[in-house]
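Data block below; observations after.
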Amino acid sequence: MSASSEPRLLIYSQDGFGLGHQRRTTLLADQFLRSCPGSSALTVSDSPLGKFFSSAVGHDYCKLPSVRKVGPGDWRPVSLSSSFDDVLDMRRTMLISAVRAFRPDVLLVDHMPHGAMGELVPTLEMLQDEPTVVVLGLRDILDAPGVVRERWRLEGAYEAVEQYYDRVLVYGSSDVFDLAAEYAWPAAASAKIEYCGYVCAPVQPEAVSESVRSRYLDGAGDERLVVAMAGGGADAYPLFDALLSAVPAMQEGGRCRVVLVTGPFLPAERHRELVARAQDLPVDVLISVSDPVRYAASADLVVAMAGYNTTAEILSVGAPALLVPRSGPSAEQRMRARLFAERGWVDWLPPSELGAEPLAAAVRSALERTPGPRHVRPPDLDGRDVATDRLVESLDRTWAHGLVPVGADLAMAPARRPGRSLRDDDCLLA
C-alpha cells in the first residue's frame, strides 16, 4: 500500500447487536481526531443502526453486512437470507478492500483479535508486509474465564495476538480484573498489554441538569428521580417488566418518578406494551435520549443493566446506581456488577433474584442510603485519554511529530516486527 496523505486510523469493530462497541470506538476515534488535527478515522463495523452516535469531523463509517452471535462460536446473519458462509466471505472481501483503499497508519481491532469467525485474518496477513501498526483493544471482562480460555484456544486467538499485534490496550484496571491472568495469556502476548483505565465520555461542567429534573419532577421537593437504562435494549425487557411491576411498592419508601429509556433495539411490540402499562403509573417511557450521561447525573438513582459503557459512564458522573445484569448468554455483566459492587461503586441485584418485590426493595434501599463517598479508592476512568495517547504514539514520525501528548511514555511505543519496512525517514517520535 502507498503512503496516505494524512494520518489515518482504521477501527474494526464487530459490534454484534448492540451499541457498546460503537459507543466506545466512537469516543476513541473522536479523541484521536482532536489529538491529530487534519487526520482521518474510518470505522468498519456491522451495527444495524449504522453510524448511530454523532462524531467529529474526519470520522466516517463503513458498514459490513450484520451478523449476530447467538452462542459461543455460533454466528447468524441478521438481515440477509444468504448462508452465514456467504456473508462471511463477503465481509472478508470488504475488510481487505477497505484496508487497501484507506491505507491506515494504525489499525485498531476492537474486541476480537481474529475477527468474527476469523474473518480478519486475511487482512492481518496482508498487513504483515506493511508499516501499519496493529493494535488490539479489549474491554477488561469478556466472559467467564473458562469460556474465554476454551474459545480462544480453539479459535487460535492467543496465537493471533502474538503473530499479528504490536500492542494490546485493555480498557480497564488490572486491580479490578487482571485479564492476562484470568484468561491465561501466554507470556509473549501478555508483554504487549497495557491497562488504560475505563473508557467513558468526558464529563461536562454542570452535568446535573435542573432542566432534566424539572421536566419530570413536580417541584415539591420530596419526589425522587429514578432513571432506568439498558444501552441498546435488545435484551432489556425482563428488567423493564420487573421495574414497572415494582413501581407501586417503590412508592412505599417515598414518592419517585421513573424515566425508562428502553434503547433502540427493544422490540417495538415490547415498547408499546411498556408504554401502555405506564399510563397509570408515575413512569415516562422513552426510546432514547440525546444525552444519557446528563440523565444519569441528574438522577437520584440509576437502575441499569451492567454493560461496559453504561457502568463506566454512571461511575464517571458519580450517580448512585443499582445494576441488574443480564443472565446470559455470557457472564460478562454478572462479573462486572459483582466486582464493582464489592468495591462499593454500585449496588447490584443478581439476575436470578430479579422480580418485582426484590427489585422494589433494592431500589428503596439504594434511595435511602445516606449520600456521600461510596468508595475509598475511585475507579480509574482515564481510559479514553490513555488509549488515545497510545494510538497517537503508534503513528510514524512523519505524522506524529508534535502531536504526541506531553508526558506520553514513548518507551511504550511498539517495536516493528521483523521484515516490516518503514517509509523514508520514518521512525517513532523521540
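The values are calculated or read from the model by the stated rules, or taken from the named source; none is laboratory data. Small disclaimer: the values here were computed from a predicted structure and weren't measured. We place every Cβ from the backbone using ideal geometry, glycine too, and count neighbours over all the protein chains shown.
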Exercise for the section: Examine the range 90-104 for a residue that is in the same structural domain as residue 36 (by TED's automatic domain parsing), of a type outside the set (A, V, I, L, M) and under 25 Å from residue 196 (Cβ atoms), and state whether such a residue exists. Expected result: yes
Fill in the blank from the handout: Going through the range 337-350 in order, the residues found to be part of a helix (DSSP H, G or I) and farther than 17 Å from residue 236 by Cα are 338, 339, 340, 341, 342
Practice task
Considering every residue within the range 263-283, establish whether at least one is assigned to a loop (DSSP other than H, G, I, E, B) and among the acidic types (Asp, Glu).
Solution key: no
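Conditions (1) assigned by TED's automatic domain parsing to the domain that holds residue 254; (2) at pLDDT 50 or above; (3) within 26 Å of residue 248 (Cβ to Cβ), marked per residue:
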residue: 322; (1), (2), (3): yes, yes, yes
residue: 330; (1), (2), (3): yes, yes, no
residue: 342; (1), (2), (3): yes, yes, no
residue: 355; (1), (2), (3): yes, yes, yes
residue: 389; (1), (2), (3): no, yes, no
residue: 399; (1), (2), (3): no, yes, no
residue: 407; (1), (2), (3): no, no, no
residue: 417; (1), (2), (3): no, no, no
Completion exercise
Selection over the range 282-304 where residues are crowded, with 24+ Cβ neighbours inside 10 Å and farther than 17 Å from residue 213 by Cα yields a count of 1
Handout entry: Looking only at the range 319-333, and only at residues there that are under 16 Å from the mean Cα position of the chain (by Cα) and outside any loop (DSSP other than H, G, I, E, B), the one that is surrounded by the most Cβ atoms within 10 Å (Cβ to Cβ)
Key = 333
Problem - residue 313 being acidic (Asp, Glu), in a helix (DSSP H, G or I), farther than 27 Å from residue 210 by Cβ and out of contact with any strand residue (DSSP E or B) (no Cβ under 9 Å at 6 or more places or on another chain) - result: no
Exercise for the section: For residues that are at pLDDT 80 or above and closer than 25 Å to residue 143 by Cβ, scanning just the range 50-74, find the one that is surrounded by the fewest Cβ atoms within 10 Å (Cβ to Cβ). Expected result: 65
Practice task
Considering each of 261, 227 in turn, give the residue that is closer than 30 Å to residue 139 by Cβ and touching a helix residue (DSSP H, G or I) at 6+ places or on another chain (Cβ under 6 Å).
Solution key: 227
Exercise for the section: Answer yes or no: is there a residue in the range 166-177 that is surrounded by 18 or more Cβ atoms within 10 Å (Cβ to Cβ), closer than 30 Å to residue 392 by Cβ and over 20 Å from the mean Cα position of the chain (by Cα). Expected result: yes
Practice task
Would you confirm whether any residue within the range 97-112 is surrounded by fewer than 22 Cβ atoms within 10 Å (Cβ to Cβ), in contact (Cβ under 8 Å) with a residue 60 or more places away in the chain and under 30 Å from residue 337 (Cβ atoms)?
Solution key: yes
Handout entry: All positions within the range 285-299 that are in contact (Cβ under 8 Å) with a residue 40 or more places away in the chain and either within 26 Å of residue 327 (Cα to Cα) or not assigned by TED's automatic domain parsing to the domain that holds residue 250 (or both)
Key = 292, 293, 295, 296, 299
